[in-house]
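S.K.: Can you keep this structure in mind? I'll have questions shortly.
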Amino acid sequence: MESTTKQITGPPLLKFFRKSSMFPAFYFHDLMREYGDVVKCGSFFYLINHPDVAKQILNRDQKDFNQEDFIGKRTQTVFGLGMVTSKGDMWANERRLLNPVLSSKTIHKHISEANIEIDRVLDNWIPLTKSNKIFDIADKMGDMAIMTSGRLLFDTDFSSKIDEIKEVTIIGTKYIVDGIPFFIPYWIPTLGHLKLRRINKKIDAILNAIIQEKGNSIKNRDNLANTLISALGGPNSTRQDRRLMLDELKTMLAGGYFPIACSLSMFWHVIGENPNCLQKIKDEVRSKPRDYVYNERFYQDFPVTSSAIFEAMRLYPVAFSIWRKAKIKFSIDGYIIPKGKTICISLFNVHRNPKFWNDPNKFMPERFNQEESKNRPKHHFMPFGWGNRKCIGDHYSMMIIFLTVIKTLMRYDVKIIPAPKLVVKSAALMCPEKVNAKISIIDRVNK
Ligand code: HEM
């Protein structure tokens, strides 16, 4: 570690604002190329692109850094007291309550349930095979992620709620990133806030219907919604408990599906540009016997598929940035950042930092073979964040992503029609606007 102070530079204010209409991840990438590992973005925030600096910040999370930056405030406006932005004892209690439900062990007990739900969604694709029709597989990934989260996290059938859940999530997450780096208090009736109030009513209605439907009949606390409802929604619960329960369920309604839908959509986008790799995955998937049994170690049986999924997540970590505020003046690796400043860790840039990745913008799944993975420090690849606030849904997400890719390719011959240019949705997560695809049934129907 070097002790000499390093100069931090960045774009002039006018240039910053001129380019700030670009999708933030791509604009931040331009900034890394021009200004290096740590970039000063006017007086608004410091952009961190170096994995060691990112890791040190996230390891000191909550002690020296908190989420009271403008993104944190906007996120709180959308998700209320939910775990993403809660702090102190409240955060620790929420995390303690939900950790066991989302642990690898509990999640993998539900593999067969996940498979049944994925098959049910894939059954709905059959009409698409008849007409040789071009369809948007990214949109279908939204359906898949909503239906699986309904079954596994909420123990409910979301089929009649898909469009509504997509709508509220897009509006809510767009609000979080619109207007970086400013924050306007919620009580001021801006257009954005009025929209948010409208969708909040819709979300509360969806969640209250689920809570009512469950009534007092919750038998096991093996899934997320049941755990939250029995812990916070019982007859002795306070008003505050019930608000927390609704906010947490709201966090999980959007958080439990949208990043998975985006990651799967990004995967299909990337794989569409790399048809040779797609063919290798198809060969691997179809080499498995019809009665292949999925257990918690099934990932190891699909090394080609795994490497491609991880490489897609490296190139496009859908939660592309993590925001914090410095509670103290701090110095890391020779960089000094003053107290009170906002910090944006760009996971997109950490994953593409040319000091740590050869040819970083190129899709090279072999980076994730056993040998290369073993020799790389773990924090160079952190799509789920790092430290004690690392994503709580990581095991669940990986299981759904893997099963969706594998089962889709077992049942259908997928052809992706590559897009001339990646166009992403305007939302807090990185998600392609559209990924055109065609499918046909393969002879070996493997259900
Ligand atoms: C591919 C899918 C996903 C990705 C890439 C992802 C990414 C992330 C990242 C980067 C963070 C850290 C944010 C920070 O430090 O500020 C995070 C936190 C979080 N994620 Fe995820 N996530 C995914 C899926 C999920 C799912 C399925 C759930 C819910 C079941 C979930 C719930 C949460 C929660 C509650 C937090 C806050 C944790 C805390 O502060 O203790 N995420 N996620």
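The values are calculated or read from the model by the stated rules, or taken from the named source; none is laboratory data. This one's a predicted model, so the numbers in the text were calculated from it and none came from an experiment. Cβ atoms come from the backbone with ideal geometry, glycine included; neighbour counts cover every protein chain shown.
S.K.: Show the residue pairs meeting these rules: Cβ distance below 9 Å; 6+ apart or different chains; first residue within segment 394-405 and small (G, A, S); second residue at pLDDT 95 or above and within 8 Å of the ligand (Cβ to nearest atom).
M.R.: S397/P259; S397/I260; S397/S263; S397/F384; S397/C391
S.K.: Of everything in segment 410-447, what is crowded, with 21+ Cβ neighbours inside 10 Å and assigned to a helix (DSSP H, G or I)? Give them in sequence order.
M.R.: Matches in segment 410-447: R411 only.
S.K.: If you don't mind, another one. Return the residue satisfying two criteria in turn: it lies in segment 17-34 and is surrounded by fewer than 18 Cβ atoms within 10 Å (Cβ to Cβ) and farther than 18 Å from S426 by Cα, and of such residues it is nearest to the chain's Cα centre (by Cα).
M.R.: Within segment 17-34, the match that is nearest to the chain's Cα centre (by Cα) is D30.
S.K.: Considering H395, H380, which residue is in contact with a Pro (Cβ under 6 Å, 6 or more places away or on another chain) and surrounded by fewer than 20 Cβ atoms within 10 Å (Cβ to Cβ)?
M.R.: H380
S.K.: For segment 83-125, which positions are of a type in the set (V, I, T), within 13 Å of the ligand (Cβ to nearest atom) and touching a Phe, Trp or Tyr at 6+ places or on another chain (Cβ under 6 Å)?
M.R.: Selection gives I107 alone.
S.K.: Based on this model, can you work out whether E167 counts as more than 12 Å from the ligand (Cβ to nearest atom) and under 21 Å from the mean Cα position of the chain (by Cα)?
M.R.: For E167, the condition - more than 12 Å from the ligand (Cβ to nearest atom) and under 21 Å from the mean Cα position of the chain (by Cα) - is met.
S.K.: Can you find, within segment 42-82, the residue that is nearest to H29 (Cα to Cα) among those that are more than 12 Å from the ligand (Cβ to nearest atom) and aromatic (F, W, Y)?
M.R.: Across segment 42-82, the extreme among qualifying residues is Y46.
S.K.: Okay, next question. Against the conditions (1) away from the ligand (no atom under 14 Å from the Cβ); (2) modelled with pLDDT under 95; (3) more than 30 Å from L13 (Cβ to Cβ); (4) of a type outside the set (A, V, I, L, M), where does F182 fall short? Just the number, please.
M.R.: The single condition F182 does not satisfy is (3).
S.K.: Residue check: is K407 part of a helix (DSSP H, G or I), at pLDDT 95 or above and away from the ligand (no atom under 16 Å from the Cβ)?
M.R.: So K407 passes the test.
S.K.: Which pairs do you get when a residue that is closer than 14 Å to I406 by Cβ, found in segment 113-135, comes within reach of a residue that is at pLDDT below 95 and surrounded by fewer than 19 Cβ atoms within 10 Å (Cβ to Cβ), reach meaning Cβ atoms under 6 angstrom, with the pair 6+ apart or on two chains?
M.R.: Going by the 6 Å Cβ cut-off, the qualifying pairs are D119/K447.
S.K.: Check segment 374-390 and report whether any residue there is part of a helix (DSSP H, G or I), more than 16 Å from the ligand (Cβ to nearest atom), out of contact with any Cys (no Cβ under 9 Å at 6 or more places or on another chain) and without any contact (Cβ under 8 Å) to a residue 60 or more places away in the chain.
M.R.: Within segment 374-390, one or more residues are part of a helix (DSSP H, G or I), more than 16 Å from the ligand (Cβ to nearest atom), out of contact with any Cys (no Cβ under 9 Å at 6 or more places or on another chain) and without any contact (Cβ under 8 Å) to a residue 60 or more places away in the chain.
S.K.: A further question follows. State all residues of segment 66-96 that are basic (K, R) and under 20 Å from the mean Cα position of the chain (by Cα); if no residue qualifies, say none.
M.R.: Scanning segment 66-96 gives K73, R74, R95.
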